[in-house]
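Worksheet: one structure, shown below.
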Amino acid sequence: MAFPAGGTLLDTFKKSFVDVPVDASNDNAISTTEFLEAAESLTTMFDVLGSVAFSPVKSDMLGNVKKIRDRQLAAPAESETLQALVLNELKTRKHTATEGLLWLVRGLEFTYLALSQNLAQEGEELSTSFRNAYGSTLKPHHGILIKPVFSAAMSACPYRKDFYPKLGDDHAKVSVELKAYLDALERIVGILKEFQGRKEAKW
């Protein structure tokens, strides 16, 4: 992974969560295309974490992105926002994309919690931050076969002294940009969790 001179890894992302349209006048409807591009871009973070142990985490998230995009391609007029995509898919008595979004939101929450905690706690190693985030997001939903795979990834995190320089040369700039990015991601995850908690979004 490389970043432009004077820039950060976030500059290489096709789409940032900061730039994902959220229509506050329409029940915080989230634009599907930009959201999926931002989610795909986020998975490059797992490449920076550097361990093959994170490949299941990345492939899981990309698999869920594909489920949502497949539905979007099948019914584009009904899928312009994530909320519309879910409600229209559920009318067909299917829930492949809806379930994919549920798992993707869990994965995104896991990622932002881990990185936010690590950014805020300067003395904490990534393995601790990721393990704590895993325990409160994905772990309760994982079966006995999956938990060890993800636990191995948490233990394989690089040291923070090796991780942050891979995000950019200027640590202060990395911190500011990463915080803005994670704040935007947190807001989107919050909107989607609230929506997924509604009766009409369940199957």
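All of the numbers you see were taken from the coordinates with simple rules; none came from a lab. Everything quoted here is computed from the prediction, not taken from an experiment. When we count neighbours, we look across all protein chains shown, and the Cβ atoms used for this are built from the backbone with ideal geometry, even at glycine.
Computed values, structure above
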| read-out | value |
| --- | --- |
| Ascending count of other beta-carbon atoms within 10 Å, so fewest first, for His95, His171 | His171, His95 |
| Cubic angstrom per residue, convex hull over Cα atoms of segment 77-194 | 126 |
| Label-zone membership for segment 87-108, site Thr33, 7 angstrom Cα→C-beta point, backbone N under 20 Å | 87-89 |
| Within the chain, helix-based [θ] at 222 nm, where runs of 4 or more DSSP H residues each add -39,500 (n - 2.57), nearest 500 | -19000 deg cm²/dmol |
| The chain: Rg to Rh, with Rh as the Kirkwood radius over Cα pairs | 0.97 |
| In sequence order, calculated HN-Hα J values of segment 13-28 (Karplus, 6.51, -1.76, 1.60; Hz; x Gly/Pro) | 5, 4, 8, 9, 5, 4, 9, 7, x, 10, 8, 5, 7, 10, 6, 6 |
| Point-to-point label distance, Glu125-Lys14, nm (Cα→Cβ direction, 7 Å offset) | 3.5 |
| Given Lys139/Lys199; Lys14/Lys202; Lys15/Lys67; Lys67/Lys193; Lys66/Lys147; Lys15/Lys58, the pairs whose alpha carbons are separated by over 21 Å | Lys139/Lys199; Lys14/Lys202; Lys66/Lys147 |
| For Gly168, residues with placed amide H under 5 Å, excluding near neighbours | Leu9 |
| Per-residue ³J(HN,Hα) for segment 123-129, Karplus 6.51 cos²θ - 1.76 cosθ + 1.60, θ = phi - 60°, Hz, x for Gly and Pro | x, 9, 7, 4, 4, 5, 4 |
| Estimated FRET transfer efficiency when R0 is 45 angstrom, pair Ala74-Lys161 (beta carbons, to 0.05) | 0.45 |
| FRET efficiency, 1/(1 + (r/R0)^6) with R0 25 Å, evaluated for Asp47 and Arg198 via beta carbons | 0.10 |
